[in-house]
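Below is one structure, written out as structure tokens; the observations come after it.
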Amino acid sequence: MHNRRFLAVTVGLLMGLTGTASASPAHSAMSAAVQASAAGKKVVFIQEITANVFSDQESCGAQAEARKLGLKYSTTGPSTFSASAQTPYVNAVAAEHPAGVLIGPDDATAMQAPMMAMKQEGIKLVELDTSLNNKSVSLSHISSNNASGGALAADETGKVLGGHGVVLVLSLAPGVSTDDQRIQGFKQEIKAKFPGISLLPTQYDNNSTGTAASIVSSTLIAHPKLAAIFATDLTNVEGASTGLVDAHNTSVKLIGFDAAPLQVTMLREGKLYAVVSQNPFLMGEDGVQQLYNAFTGAHVTGTIITPLGIVTGANVSSPSVAHFLYRASC
């Protein structure tokens, strides 16, 4: 997305310098032919999990870009987050033979075989948010820098705790690339900058708000001096907040990831101290653009890092963070 904007500005400047820069008739005809060759090609987004605001925002961005570029677009995916749930959707989409697929793999290793099978069918693949360990399967990998996001969360945690206290890390499941990287970045930053903070063993809720709430409740009993929780995704934040409310605990600081509508409400109400937020709409846009580039023979960018921002109760209404707040629909 940023590359396209930069290119447009550059072309404009060059035209200003040369006065009457214009494409030759042959070049224009070739460009039109290339664009026509991509028109109507089918793109499918296989979501990590449906009915999820983050993934839905990725789909909104992908849909908007597909419409702009004249591509056919659809989305599908499992209602639960697991490789076993996602694999049948990958197989079903492969049988339809679309020109390109956007996918957020639910496991960095378990999804390699079904995705490789799609690639071998001639389907072009782009990964959104999560990714395989094997980077050769897909043409492009689009996500925020999740390790940096974890470090940002650690800085917020260290700041609000004054550099001292007991902290719980609550995550989805081992093997989810984004969450693994967030945890790694968080732990490394805490160790480097905040030696007075003690980290409890990471707990996993398997994408269940009920499980997350139970983990928080039991942790509060076992560790009454718990000072903060770093929840690595939307489900963790919601479940952790429920656990704190059920325990009538207003002292533990909750730091999370992603600014969906519910999380924004929690920030405004003081139930959530801060979130590291992404731009999933931009991920979807960039993903479709990379597929279009592959269809037309243009350059495909292998890795695209989208921006991150810190949203707190203090700045949630500021225009400067508006593009980090997720919408409920397209």
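Remarks
- Residues that are more than 27 Å from Ala38 (Cβ to Cβ) and among the aliphatic types (A, V, I, L, M) were ranked within segment 112-154; the one that is surrounded by the fewest Cβ atoms within 10 Å (Cβ to Cβ) is Ala113.
- Among the residues of segment 123-138, those identified as in contact with a helix residue (DSSP H, G or I) (Cβ under 7 Å, 6 or more places away or on another chain), free of Cβ contacts under 8 Å to residues at least 60 places away in the same chain and in a loop (DSSP other than H, G, I, E, B) are Ile123, Ser131, Leu132, Asn134, Val137.
- Residue pairs meeting the criteria (Cβ under 9 Å; at least 6 apart or on separate chains; first within 15 Å of Ile229 (Cβ to Cβ), in segment 139-166; second among the polar types (S, T, N, Q) and assigned to a helix (DSSP H, G or I)): Gly150/Gln181; Gly150/Gln184; Gly150/Gln188; Ala154/Gln188; Gly165/Thr157
- Looking only at segment 235-258, residues that are in a strand (DSSP E or B) and of a type outside the set (Phe, Trp, Tyr) come to 4 in all.
- Segment 181-197 - residue that is among the β-branched types (Val, Ile, Thr) and in a helix (DSSP H, G or I) and, of those, farthest from Gly243 (Cα to Cα): Ile190
- So Ser217, is it open to solvent by less than 10 Å² (accessible area, probe 1.4 Å) and of a type in the set (Gly, Ala, Ser): no
- Restricting Val176, Val137 to residues that are within 30 Å of Leu291 (Cα to Cα), at pLDDT below 95 and of a type in the set (A, V, I, L, M, F, W, C) narrows the list to Val176.
- Of all residues in segment 61-77 being within 20 Å of the chain's Cα centre (by Cα) and buried (at least 19 other Cβ atoms within 10 Å of the Cβ), the one that is farthest from Phe281 (Cα to Cα): Gly77
- Just one of the listed residues (Leu262, Leu267, Leu291, Leu272) is over 16 Å from the mean Cα position of the chain (by Cα) and open to solvent by 60 Å² or more (accessible area, probe 1.4 Å), namely Leu262.
- Of the helices (runs of 4 or more DSSP H) lying entirely inside segment 1-77, those carrying at least 3 residues that are modelled with pLDDT of 80 or more are 53-69.
- Count of residues meeting criterion [open to solvent by less than 10 Å² (accessible area, probe 1.4 Å) and free of Cβ contacts under 8 Å to residues at least 40 places away in the same chain] in segment 78-111: 2
- Test: residue in segment 198-211 that is buried (at least 21 other Cβ atoms within 10 Å of the Cβ) and outside any loop (DSSP other than H, G, I, E, B): no
- Residue under evaluation Lys225, criteria (1) surrounded by fewer than 21 Cβ atoms within 10 Å (Cβ to Cβ); (2) farther than 21 Å from Ser198 by Cα; (3) touching a strand residue (DSSP E or B) at 6+ places or on another chain (Cβ under 8 Å), criterion not met: (2)
The values are calculated or read from the model by the stated rules, or taken from the named source; none is laboratory data. All values derive from a computational prediction rather than experimental measurement. Every residue, glycine as well, gets a Cβ built from its backbone with ideal geometry; the counts of neighbours run over all protein chains shown. Side chains are part of the model used for accessible areas, which takes the heavy atoms of the whole protein and leaves out ligands, DNA and RNA. Shrake-Rupley method; radii C 1.70, N 1.55, O 1.52, S 1.80 Å.
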